[in-house]
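The values are calculated or read from the model by the stated rules, or taken from the named source; none is laboratory data. Computed from a predicted model, the values in this text were never measured in an experiment. Note: ideal-geometry Cβ built from the backbone for every residue, glycine included; neighbour counts use all protein chains shown. Ligands, DNA and RNA are excluded from the accessible area calculation, which covers all protein heavy atoms including side chains. Shrake-Rupley method; radii C 1.70, N 1.55, O 1.52, S 1.80 Å.
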Amino acid sequence: MSRRLIEKADALLKKERGTVLKDPGGKVNICLVYPNTYFVGMSNLGFQGIYTLLNERVDTVCERAFLPDPKDMQEFERTGTELFSMESKRPLGRFDIVAFSVSFENDYPNILKLLALSKIPFRQSERKPSHPLLVMGGVCAFSNPEPFAEFFDICFIGEGEEMLNEFIDEYKRAGTKDKLLRNCLHIEGLYVPSLYEVSNEPLKRTALEGAPKTIKKRFVSDISGFKPSIITPETEFSNMYLIEAMRGCPWKCRFCLAGHVYSPLRKKLLSVIKQEISDALKLTERVGLIAPSLMDYPYIEDVLKTEGVNFSITSLRASPKSIRLIALLRGKSISIAPEAGTERLRNVINKRLKEEEIIETSRHALLHGIERLKLYFMVGLPTEKDEDIDGIIGLVKKIRESPTKGEVTLSVSTFVPKPFTPFQWHPMEKEDVVKRRLSMIKRALIPIKGVRVFHDVLKYAYMQGMFSMADRRVSNVLIKMLEVSDWQKASYNSGIKPDFYIFRKKDFTEPLPWDFIDTGISKEELWKEYQKAVSELTFHIKM
C-alpha cells in the first residue's frame, strides 16, 4: 500500500471537523463511495447526509472512498494499491457493503474505474459470496438504474434515508446474500436487478421469483433529520455547513428531473432551521442554504436575517420577493436561471418568467452590491429557434446596460432529456446546431465588458444524454470505456449506436427502460404536458 496515498488521505482527514471514527468490530461495515473526487463528493449534501445517518446507528460503521485524482490514480496503479477507505485505510473488498451514491450520469464510467481499482468483479453474476454486497442510491438510481443494473445487487428507488434502516436490519437477519436479496423484495423501494429478465427491441421485462413488476419510489415525509456532519476547506463550499431548507420544487419545469422525482414538496420548520444554524455556528460562520427554489421557502427572509452568519444560497427565481432577499445578501454572488431567452420558449419549458422580472431582479442585484450575477441558460431546448438565441443575447445586453458594476456570468448548458419529465420523449438537438447557437452567444456577448460566457463540453453533454436514456445494453459501453475513453468509440465497439438513445423521437406507446418505477406521476400525465410543450412543432404527434 502506497505511503504517499495514505499520507494524502490523512492530510484530508486532519482538515475535517465532524469526521466519525468508530471501531468496526462487531458492526455492519459499509464503505460509502462517491464516483468523483473528494472535492466534488464532499460538496454533495446527499452523500454527507447518508454518511451521518448510517453512523448514527450503533451497530453500523460507515467510512468513505472517492475517485482518485489523475496523479493519485497513477500512484494506485504503479504500486498495485487497492482503493481503500479514508478512515481505516481498509481496501473496499474487505467491507460488508460497498454503497455508491450517484447523482450525475457523467460519473457512470467512474463506477467501473473504482470497482477495477478495488479488484471487485463488475457484474453481479461474476461475484462470489465473499465479495461485498454492492448497492446504489442517489437520484440516478431512482430515475433510471438500468445502465448499471447488472453491476449492483440492490438499487434504492427513492430517498435513501427512508429505506436504510429497514435494509440494514434485514441485512443483519438474512445471513446469506441470496436470502437477503429475496427478503429485500418485501421492502418497498428496493430493486434487485438480478431478479428481472430483460430483453430488447422491443423492450420487455419479466419479473422472476415473485419480484414485484413495479417498484414504488420511497420518500421521507420529514426532512428535518437529514444533515451533514463534516466541514472541510477541501470542497467547492469551503468550510461551509450545508442546510437543506426544502426538498422538491413547486414549479416543475418540463426539463427538470429534480422537480419531478423529488415530489412531494417538503419544507423544514423555521425552528428546525434555526437549531441547525446554531449547531453550524459551533463549527463555522459559513452556512449554505439548499433548495431548488429558495424563494418559495416561506421562512427564507427570517433565516437570512440571522445575525453572525455568512450565508450562501442556491439560485433565486426572478421576482419581487427575490429583490427583497438580495438586500440581505450584499456583496455575495447570486444565480438566476432564466433558462431560455424568450417568453415563448420559457412557456414551452414551463419556466413562466417574464422578461421584465428577469431584468429587474438582475439589475437590482448589480445595483445593490452583488459582485457576480450568474445566469443559467440552456441551448437545444424543444422548439428552440435562432430567435430564442437572439433573445438570450438581447436579454443579457439589457441587463448589462445599467448598472455597469459587477460581473455577469453566463453558464450555458445543453438540453438533455431526463426520465420522468415531460421531455423524456424528446430527442437532443443535433451537434452542429448546438455548436452554431453557442457560437452566436459567444460572438455577441464576449466582447461586452463585464460579461463572461461558459458552456459545457458538448461531447460530455451527449454522453450524458445516452446514459440518461439508456437500457441495460449500455453496461457493455461502460466496461469498454476502461479501454477506450472516447464514449462514442466505446459504444460502436460494443455494438451500440448512440443515435438510438440521443437523437430518436419516442412515441407514447414505446416501453421506456424506467417504466417499472412508480414515482407518483403517471406516464399519461407527463405525455399531456409534453403535448402542450411541443404544440408549436411542425410535426404532429399522435398518442
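Give the residue that is surrounded by the fewest Cβ atoms within 10 Å (Cβ to Cβ), with candidates limited to residues of the range 268-289 that are under 30 Å from Ile521 (Cα atoms) and in contact (Cβ under 8 Å) with a residue 40 or more places away in the chain.
Step by step, filter the range 268-289, then rank; the result is Leu269.
Just to verify a result, which residue in the range 365-389, among those that are in a loop (DSSP other than H, G, I, E, B) and either among the charged types (D, E, K, R) or within 18 Å of Pro427 (Cα to Cα) (or both), is modelled with the lowest pLDDT?
Checking each candidate, the answer is Glu371.
What residue, of Ser468, Ser439, is open to solvent by less than 80 Å² (accessible area, probe 1.4 Å), in a helix (DSSP H, G or I) and more than 24 Å from Pro202 (Cα to Cα)?
On inspection, the qualifying residue turns out to be Ser439.
Name the single residue that is modelled with the highest pLDDT among those in the range 390-436 being part of a loop (DSSP other than H, G, I, E, B) and over 23 Å from Glu105 (Cα atoms).
Among them, the one singled out is Gly406.
Looking at Pro422, Pro427, which is the one that is within 21 Å of Val261 (Cα to Cα), in contact (Cβ under 8 Å) with a residue 12 or more places away in the chain and open to solvent by 10 Å² or more (accessible area, probe 1.4 Å)?
Going through Pro422, Pro427 in turn, the sole match is Pro427.
Whether any residue in the range 60-81 is of a type in the set (Lys, Arg), more than 24 Å from the chain's Cα centre (by Cα) and open to solvent by 10 Å² or more (accessible area, probe 1.4 Å) is what I want to check.
yes
Quickly run through the range 360-379 and pick out the residues that are surrounded by fewer than 23 Cβ atoms within 10 Å (Cβ to Cβ) and not hydrophobic (A, V, I, L, M, F, W, C).
Listed by number, the residues that qualify are Glu360, Arg363, His364, His368, Gly369, Glu371, Arg372, Lys374, Tyr376.
If you check every pair at least six apart or on different chains, which have Cβ atoms under 8 Å apart with a residue in the range 297-315 that is under 12 Å from Ile243 (Cα atoms) first and a residue that is of a type in the set (Phe, Trp, Tyr) and open to solvent by less than 30 Å² (accessible area, probe 1.4 Å) second?
Val303/Tyr297; Val303/Phe311
Might you let me know whether the range 74-89 holds any residue that is under 14 Å from Lys8 (Cα atoms), free of Cβ contacts under 8 Å to residues at least 40 places away in the same chain and either small (Gly, Ala, Ser) or not in a helix (DSSP H, G or I) (or both)?
yes
Being without any contact (Cβ under 8 Å) to a residue 40 or more places away in the chain, farther than 18 Å from Val58 by Cβ and surrounded by 14 or more Cβ atoms within 10 Å (Cβ to Cβ) is the filter here, so list the residues in the range 1-37 that pass it.
Thr37
Of everything in the range 516-536 that's β-branched (Val, Ile, Thr) and under 22 Å from Asp471 (Cβ atoms), which residue is most open to solvent (accessible area, probe 1.4 Å)?
Ile521
Taking the criterion of being in a strand (DSSP E or B) and buried (at least 21 other Cβ atoms within 10 Å of the Cβ), would at least one residue in the range 39-57 satisfy it?
No, the conditions are met nowhere in the range 39-57.
For the range 1-41, what are the residues that are closer than 30 Å to Ala174 by Cα and more than 24 Å from the chain's Cα centre (by Cα)?
Across the range 1-41, the qualifying residues are Val20, Leu21, Lys22, Asp23, Pro24, Gly25, Gly26, Lys27, Val28, Asn29.
For the range 149-193: of the residues being hydroxyl-bearing (Ser, Thr, Tyr) and buried (at least 16 other Cβ atoms within 10 Å of the Cβ), which is farthest from Pro264 (Cα to Cα)?
Tyr171
If we keep just the residues of the range 194-204 that are in contact with a Ser or Thr (Cβ under 9 Å, 6 or more places away or on another chain) and at pLDDT 95 or above, which is most open to solvent (accessible area, probe 1.4 Å)?
Per the criteria, the residue is Glu197.
List pairs: first in the range 110-125 and open to solvent by 10 Å² or more (accessible area, probe 1.4 Å), second charged (D, E, K, R) and part of a helix (DSSP H, G or I), Cβ under 9 Å, 6+ apart or cross-chain?
Leu117/Glu77
Where in the range 128-245 are there strands (runs of 3 or more DSSP E), lying wholly inside it, with at least 3 residues that are among the aliphatic types (A, V, I, L, M) and either within 29 Å of Ile496 (Cβ to Cβ) or without any contact (Cβ under 8 Å) to a residue 12 or more places away in the chain (or both)?
Once the strands (runs of 3 or more DSSP E) in the range 128-245 are filtered for at least 3 residues that are among the aliphatic types (A, V, I, L, M) and either within 29 Å of Ile496 (Cβ to Cβ) or without any contact (Cβ under 8 Å) to a residue 12 or more places away in the chain (or both), what remains is 133-137.
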